[in-house]
Structures are given as structure tokens and as C-alpha cells.
Amino acid sequence: MERDSMLYQDLESILLTKEKIAERVREVGQQITRDYEGKAPVMICILKGASIFFADLIREIALPVTTDFMAISSYGSATKTSGVVRILKDLDKDILGKDVIVVEDIVDSGVTLSYLKNLLLQRGTASLKIATLLDKPSGRRVEGLNADYVCFDIPDGFVVGYGLDYDQVYRNMPDIGILSPAVYEKH
Ligand code: PRP
């Protein structure tokens, strides 16, 4: 997709180019390859936002990984602080005794990951780590919740592209951009 295509016209600015993302995803993939030498971690994609990152990341990991997918939904933002998260699609396989890496697109308040971490640890994993494309520390509402692998720390702002959406749109934009406030203020 070209950068003068229609989706890009809704951006205030481009935050991370696809070239910069690819370079960093490669580095993180190589880091995971080194850290898990001799192991075969289960890579868990949290749908839908992480799907693009997940597809690129696993191809940079030179280990016999397996994959599984989970879909969750958090209740509206007002209740997000309560940490109520609903599982829409659970894992297909048991993760007892497995080395698990959860792959997320963004850690914002940390509510989703905090819930997921507790849930998956209860299932008796051998280890559990979190890889996230983006980390927005300014949004954090859960103390001490940090990802183990972070591609980019980002400032406050509404980011879309490379899997991240606004109203389900923009996930297919190859770059990550800040959405113009005019787009969401219309709604
Ligand atoms: C987004 C994102 C994380 C979560 C992060 O998911 O993918 O799962 O929110 O926010 P938090 O740290 O404040 O909990 P969303 O519910 O938008 O679904 P999506 O991945 O399908 O876009």
C-alpha cells in the first residue's frame, strides 16, 4: 500500500515506518531465539490487534515454535479498571509445562495483560513471558505490569496501523500512525 492512499489521509503523522518496524521486529525475534535456545516455546497471538506483528515476529524466531490463538474482549473503558476480561476464543492446546510467550500489539492500561498473565499462569506453564509491539507507559493503571520484550515505547495518542484499529479499520496499513482527532471526534 502506498503512503498517499486514502487510509493515510486520516493520519496526523506517521509514528513508525514499516521499515523501522521490520528492523526492530527482526531484533526482537533474534533476542527470543537466543533466550530460548534449546527450547520450543508456544507463541500465543492475542487477536485481533497482534495478528500482523505475530506473523512477522514468528518468522524471525529460528526455533521450532508452535502457535496458538486467543480472542478476548474487555468491557467498555469505564469498567476496564475492574479488570473484567471475557474469553471469546480460548487456546486449542493445553499449555501445562510449556514455555509460553504471549504476543500483544499494545500494552496500555495493562488490564488485559494482567488478567491474561494470571489466567495462563494458573494453567501451570513452565514459564510465561510477554512480547509486545508497543508499550504506552503513560496509560498504565496496573502497577508493575511490564512486558518482557517491547519493540517500541510510544507517547500518548491514538495509534493505528500494522494490526491496530480504530473502529476495526486501519489494521492493514503497513506503517503505524497517529490518527487525526477529527476522525474520532466525528463519532
Ligand atoms: C487492545 C490490545 C490489547 C489491549 C490493550 O485490544 O490489543 O489487547 O487493548 O489495552 P489495555 O492494556 O488497556 O488492557 P482491543 O480490545 O482493542 O482488541 P483488538 O486487539 O481486537 O483490537
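The values are calculated or read from the model by the stated rules, or taken from the named source; none is laboratory data. Predicted model only: the values in this text are computed from it and were never measured. Because the Cβ atoms are built from the backbone with ideal geometry, glycine has one as well, and the counts that use them run over all protein chains shown. Just the protein is used for accessible areas: all its heavy atoms, side chains included, with ligands, DNA and RNA removed. Shrake-Rupley method; radii C 1.70, N 1.55, O 1.52, S 1.80 Å.
Worth a mention:
- For region 145-173, a residue qualifies if it is over 19 Å from residue 185 (Cα atoms), open to solvent by less than 70 Å² (accessible area, probe 1.4 Å) and more than 15 Å from the chain's Cα centre (by Cα), and exactly one does: 173.
- Qualifying positions in region 1-32 - farther than 17 Å from residue 171 by Cα and modelled with pLDDT under 95: none
- Strands (runs of 3 or more DSSP E) fully within region 1-112 counting 2 or more residues that are of a type in the set (D, E, K, R): 85-89, 99-107
- Residue-level check: of (1) without any contact (Cβ under 8 Å) to a residue 12 or more places away in the chain; (2) open to solvent by 60 Å² or more (accessible area, probe 1.4 Å), residue 31 misses just (1).
- Checked against the criterion of being in contact with an Asp or Glu (Cβ under 8 Å, 6 or more places away or on another chain) and either farther than 30 Å from residue 8 by Cβ or not basic (Lys, Arg) (or both), the candidates 153, 165 yield just one match: 153.
- Among the residues of region 124-179, those that are of a type outside the set (A, V, I, L, M) and within 26 Å of residue 94 (Cα to Cα) comprise 124, 125, 127, 129, 132, 146, 148, 149.
- Just so you know, in region 113-143 the residues that are in a loop (DSSP other than H, G, I, E, B) and of a type in the set (A, V, I, L, M, F, W, C) include one that is farthest from residue 44 (Cα to Cα), and it is 142.
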